[in-house]
Amino acid sequence: MPKLDLSTVPTKTGSGYPGDLAKQMEGRSSQQLGDAGGLTQFGANLVQLAPGAMSALRHYHMEQDEFVMVTAGVCTLVDDHGDTELHVGDCATFPAGEANGHHFINRSTTPASFLVIGTRTPTETAYYSDLDMKVEDRPDARHQFTRKDGSPLTADQIGAAD
């Protein structure tokens, strides 16, 4: 079992969200540990959140399970049930198809991180709870953002200039 040297795993910043929605991910970074280790059946990412940062826009997956474990600091899980503080070692699960929009926010004054492990499927659809937006991934096209009904997003929905 090869040990990963985290200092050699690239850190990814930014977001694939369209328009100004991507700006909401400032202070979030991640390392794709599963990819670095050659895994193909599930993803494993270490996500770091600076104080005030959030992990993603509130969302849920139709085809992919997610498992999260806090590894440093305190993360606040925000989902359809309210806000829940998670401390080091605390875990949360999000089964595929369960319409419980969720994300994590670091409301503390120190950095926080969590490990997220999720299913890899050839296709995926995710919905955003607080926006009229969904994203679809297909083998021939990744991150196709539209309205929930499949119609195109408008500039005002994503905060982009016309």
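Viscosity 1.306 mPa s, temperature 10 °C: Stokes-Einstein D of the range 1-92 from its Kirkwood Cα radius, in µm² per second?
So the translational diffusion coefficient is about 107 µm²/s.
Could you check how much of the accessible area of the chain is carbon and sulfur, as a whole percent, using a 1.4 Å probe?
Exposed carbon and sulfur together represent 54 percent of the surface.
Would you kindly derive the ³J(HN,Hα) couplings of the range 121-138 from the backbone phi angles with the Karplus curve 6.51 cos²θ - 1.76 cosθ + 1.60 (θ = phi - 60°), listing them in order in whole Hz, with x for Gly and Pro?
Taking θ as phi minus 60°, the curve returns 10, x, 10, 7, 10, 10, 10, 9, 5, 9, 9, 7, 8, 9, 10, 10, 10, 10 Hz for the range 121-138.
Answer with one residue from G16, A92, M62: the one whose Cα lies farthest towards the positive end of the charge dipole of the range 1-119, charges on Cβ with Lys, Arg +1 and Asp, Glu -1.
Comparing the listed Cα positions along the dipole, G16 ranks first.
With every atom except the alpha carbons ignored, what do you get for Rg and Dmax of the range 114-162, in angstroms?
Both quantities, over Cα of the range 114-162: 12.8, 38 Å.
With +1 assigned to the C-beta of every Lys and Arg and -1 to the C-beta of every Asp and Glu, and no other charges, what is the dipole magnitude of the chain about the Cα centre in debye, to the nearest 20?
440
Set the Förster radius R0 to 22 Å, insert the Cβ-Cβ distance between D130 and K12 as r into 1/(1 + (r/R0)^6), and round the FRET efficiency to 0.05.
Efficiency for this residue pair is about 0.40.
Just subtract the alpha-carbon distance of E63 and T40 from 0.36 nm times their residue separation and send over the number in nm, one decimal.
Stretched out fully, the E63 to T40 stretch lengthens by 6.7 nm.
Please list log₁₀ I(q)/I(0) at q = 0.18, 0.26, 0.29 Å⁻¹ for the range 43-88, using the Debye equation with identical point scatterers on the alpha-carbon positions.
Per q value, in the given order, log10 I(q)/I(0) is -0.64, -1.32, -1.48.
What per residue convex hull volume, in Å³, comes out for the chain when only alpha-carbon positions are used?
Hull volume over Cα atoms, normalised by residue count, gives 127 Å³.
In square angstrom, what is the accessible area per residue of the chain with a 1.4 angstrom probe?
Using a 1.4 Å probe on heavy atoms only, each residue of the chain averages 55 Å².
Say a paramagnetic label sat at a point 7 Å from the Cα of E85, along Cα to Cβ; which residues of the range 91-131 have their backbone N under 18 Å from it?
The answer is 91-92, 104-114, whose backbone nitrogens lie closer than 18 Å to the label point.
The values are calculated or read from the model by the stated rules, or taken from the named source; none is laboratory data. What you see is a predicted model, and the numbers here were worked out from it, not measured in a lab. Cβ coordinates were reconstructed from backbone atoms using ideal geometry, including for glycine residues, and neighbour counts include every protein chain displayed. These area figures cover heavy atoms from the full protein model, side chains too; ligands, DNA and RNA do not enter into them. Shrake-Rupley method; radii C 1.70, N 1.55, O 1.52, S 1.80 Å.
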